[in-house]
Amino acid sequence: MKIENGLIKEFNISGIKFAQDLIPITNKLARSQLAMKPQHITLHNPASGNATAQNLTDYADSYSGYKSWHLTIIGINVFQELPFNEVSWNAGDGYNGPGNRSSISLEIGEDEVSENTAKVFVAYLMKEYNIPIEKVLPHKIWSGKNCPAYTLPHWDSYIKSIDEYYKEITKKPHWAEKNKLSLENKGIAINDTRYDDFMTRGEVFALLDRIIK
Ligand SMILES: [Zn+2]
C-alpha cells in the first residue's frame, strides 16, 4: 500500500477491492478541511443493517452535517472518503475533541470478513503514520457511545490479530536471508526460513555433499 498526501495511491492486496470516493469538497459540513496529524486510529461499526459499502460511501457523500470518516470497509470493499491528513467528524467529542482532531476513522461492517479487511488497513496505517497498537481505539473511548457495538465484545482478540498482522508486515529480514537468496541464485534450493534453528549433523553432511562437487 502506498500513501501520499493522505491518499492511498497504490493498492494491490489480493482479495480486497479498494477505490477512492472522496466526499465532495462542496459538502462543507462533512469536509472539515482542517489539517490533521494522525495520532490515533478510531474504529466504528456503522450499524446500518444490510447497507453495502457502495450504499455507505454514497451516504457519506450526501450527508449534510458534521459526520464523516476516512474509510468505509464492508466485506472486501473499501472506499476512502477523506484524505488521512484531514480531520473527520467521527468521534462525537466536539469540534476540538481529540478523537475528531487526531483520529483516522474507519467504519467497519459487522462481520468477520469486514474485520479481516479492516485489519489490513489498520496495520498499514499504523506503519505509515507510526501509530502504536495502544492508540488503536474504539469510538466509545472518546464519547461513551456504544461503538463499535459488534466489535467491542471481542475487542482484545481483534486488537491482538491486528498487532500480529502489523508485526508481519514490519518485520526486518533475518541477517542470513541474503545468504539464503544467494544460495538459491546458485541453484541450491533451501525451502526453509527457520534461520535460528540448529542443523543436525546429518543435514550438514547432506548440505556439504550438495555443494562440494
Ligand atoms: Zn462510531
Hits in the range 95-117 - residues which are away from the ligand (no atom under 11 Å from the Cβ) and more than 16 Å from the chain's Cα centre (by Cα): 95, 96, 97, 98, 100, 101, 102, 110, 111
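Yes or no, residue by residue, for (1) more than 21 Å from residue 38 (Cα to Cα); (2) out of contact with any helix residue (DSSP H, G or I) (no Cβ under 6 Å at 6 or more places or on another chain):
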residue	(1), (2)
139	no, yes
156	yes, yes
166	no, no
175	yes, yes
187	yes, yes
196	yes, yes
206	yes, yes
Within the range 126-147, is even one residue crowded, with 24+ Cβ neighbours inside 10 Å, among the hydrophobic types (A, V, I, L, M, F, W, C) and more than 16 Å from the ligand (Cβ to nearest atom)? no
Counting only residues that are more than 16 Å from the ligand (Cβ to nearest atom), closer than 14 Å to residue 70 by Cβ and in a loop (DSSP other than H, G, I, E, B), the range 2-32 contains a total of 7
Give 78, 120 a once-over and let me know the one that is surrounded by 15 or more Cβ atoms within 10 Å (Cβ to Cβ), touching a residue at least 12 places away in the same chain (Cβ under 8 Å), away from the ligand (no atom under 16 Å from the Cβ) and outside any helix (DSSP H, G or I). 78
Taking residue 91, is it within 26 Å of residue 10 (Cα to Cα), buried (at least 17 other Cβ atoms within 10 Å of the Cβ) and without any contact (Cβ under 8 Å) to a residue 60 or more places away in the chain? no
What is the number of the single condition among (1) assigned to a loop (DSSP other than H, G, I, E, B); (2) small (Gly, Ala, Ser); (3) in contact with a Gly (Cβ under 8 Å, 6 or more places away or on another chain) that residue 187 does not meet? (3)
Working carefully through the options 209, 163, find the one that is within 24 Å of residue 128 (Cβ to Cβ) and assigned to a helix (DSSP H, G or I). 163
Does residue 68 meet the test of being outside any helix (DSSP H, G or I), under 24 Å from residue 166 (Cβ atoms) and either within 16 Å of the ligand (Cβ to nearest atom) or in contact (Cβ under 8 Å) with a residue 24 or more places away in the chain (or both)? no
Tell me yes or no: at least one residue of the range 52-65 is assigned to a loop (DSSP other than H, G, I, E, B), surrounded by 17 or more Cβ atoms within 10 Å (Cβ to Cβ) and at pLDDT 95 or above. no
From the set of residues in the range 33-64 that are on the phi > 0 side of the Ramachandran plot and touching a residue at least 24 places away in the same chain (Cβ under 8 Å), which is nearest to the ligand (Cβ to nearest atom)? 47
So, residue 92, is that one within 16 Å of the ligand (Cβ to nearest atom) and outside any helix (DSSP H, G or I) or not? yes
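Yes/no matrix, rows are residues, columns are (1) closer than 30 Å to residue 109 by Cβ; (2) in the same structural domain as residue 132 (by TED's automatic domain parsing); (3) in contact with a Lys or Arg (Cβ under 7 Å, 6 or more places away or on another chain):
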site	(1), (2), (3)
144	yes, yes, no
152	yes, yes, yes
163	yes, yes, no
181	no, no, no
184	no, no, no
187	no, no, no
190	no, no, yes
202	no, no, no
207	no, no, no
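The values are calculated or read from the model by the stated rules, or taken from the named source; none is laboratory data. Please read these numbers as outputs of a predicted model, since none were measured by experiment. Reconstructed Cβ throughout: ideal geometry from the backbone, glycine too, with neighbour counts over all protein chains shown.
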